[in-house]
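First the structure, in the form of structure tokens, and then the observations on it.
The values are calculated or read from the model by the stated rules, or taken from the named source; none is laboratory data. Keep in mind the model is a prediction, meaning the values are calculated, not measured. Ideal geometry is used to build each Cβ from the backbone, glycine not excepted, and the neighbour counts take in all protein chains shown.
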Protein chains: 2
Amino acid sequence: MSRLDSFIRRLEAQRRMLDWAAAAIEGRDGLVLELGLGNGRTYDHLRETLPGRAIHVFERDVTPNPASMPPVDRLVEGDMAQTLPAFAARHGRCAALIHVDVTTGVPARDAVLFAWLPQHVVALAAPDALVISGWAIEHALLETLALADGVPDGRYFAYRRRDRD
Amino acid sequence: MSRLDSFIRRLEAQRRMLDWAAAAIEGRDGLVLELGLGNGRTYDHLRETLPGRAIHVFERDVTPNPASMPPVDRLVEGDMAQTLPAFAARHGRCAALIHVDVTTGVPARDAVLFAWLPQHVVALAAPDALVISGWAIEHALLETLALADGVPDGRYFAYRRRDRD
């Protein structure tokens, strides 16, 4: 399998997980948080799939395709190690869905480099909120979920925030 | 259709065209030229699909994923406006397949910004060589071909080099 093949599979899995998560939070209150904007493709997919839902995007280096620039009041620029706890301090456990879309491109490295991230995800996730991620997030308050149909184990990750600390 | 959807469709079309072109040049002599390395995914796909075929890669800023770094004697670093004619001067019409994989990300802009490219492609393509591209290349010596099955018109482009100047 070439790297092109595996990239296509990963994007398809990601899209399937986004669609699955969007359907799962229907009727539930809460924000959607996109951690990592990048080119803006998954942000674009989320806002198309969830019209009317407030989607806040966190990014250090904001350089998306211009077609996918979030509105200024929904974009939190800066280092997430600082911006996520600041957002949690203001808004509390506000999120129905958190998509962890920051990556070094090497999943095994992500869990190490972003070791500070899971605690902030947990602090932002409402009771029973969904957390989906391209790499495995470990935290006692995140319960692993089965993936969307057709997404093989290990290609994406999904969690439910337990309902109390 | 979100930008994620359209990105996946474009990658699938690209893969289909690469596979189609690889099958089409089977048994024919000639190099494969990859114009633009980028992350290296399509290069990786070509070398997996065409084992044993010499694939030369042209790139100005060589920053692929390390897994997709071409061997040093198959990598031509520098501005293609210079490196392509220099390669043609040494090797002549050497290529059985040329994949034009340089892009600004905006196909309509590519034909303008890379207006110098088609003449070099024509100078490198052997008689009846295939040229495939993510954007439309116009040159009197390039005859438009029907695309691979399942690839809609306009999503990719394919040409045959006419057999004489």
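Can you tell me how many residues in the stretch A:65-81 are of a type outside the set (Asp, Glu), surrounded by fewer than 20 Cβ atoms within 10 Å (Cβ to Cβ) and either within 14 Å of another protein chain (Cβ to nearest Cβ) or part of a loop (DSSP other than H, G, I, E, B) (or both)?
Residues meeting the conditions: 6.
Which residues, counting only those in the stretch B:44-64, are in contact with a helix residue (DSSP H, G or I) (Cβ under 9 Å, 6 or more places away or on another chain), within 12 Å of chain A (Cβ to nearest Cβ) and assigned to a loop (DSSP other than H, G, I, E, B)?
Residues satisfying the conditions are B:LEU50, B:PRO64.
Give the stretch B:7-30 a look and list any residue that's more than 8 Å from every other protein chain (Cβ to nearest Cβ), surrounded by fewer than 19 Cβ atoms within 10 Å (Cβ to Cβ) and either touching an Asp or Glu at 6+ places or on another chain (Cβ under 9 Å) or of a type in the set (Asp, Glu) (or both), or say none.
Selection gives B:ARG16, B:ASP19, B:GLU26, B:ARG28, B:ASP29.
Within the stretch A:64-97, restricting attention to residues that are modelled with pLDDT of 95 or more and of a type in the set (S, T, N, Q), which residue is nearest to A:ALA126 (Cα to Cα)?
Only one residue tops the list, namely A:THR83.
Could you list all residues from the stretch B:82-119 that are within 14 Å of chain A (Cβ to nearest Cβ), outside any helix (DSSP H, G or I) and not small (Gly, Ala, Ser)?
B:HIS99, B:ASP101, B:THR103, B:THR104, B:VAL106
From the list B:LEU33, B:LEU4, which residue is within 14 Å of chain A (Cβ to nearest Cβ), hydrophobic (A, V, I, L, M, F, W, C) and either surrounded by 20 or more Cβ atoms within 10 Å (Cβ to Cβ) or outside any helix (DSSP H, G or I) (or both)?
Only one candidate passes the filter, namely B:LEU4.
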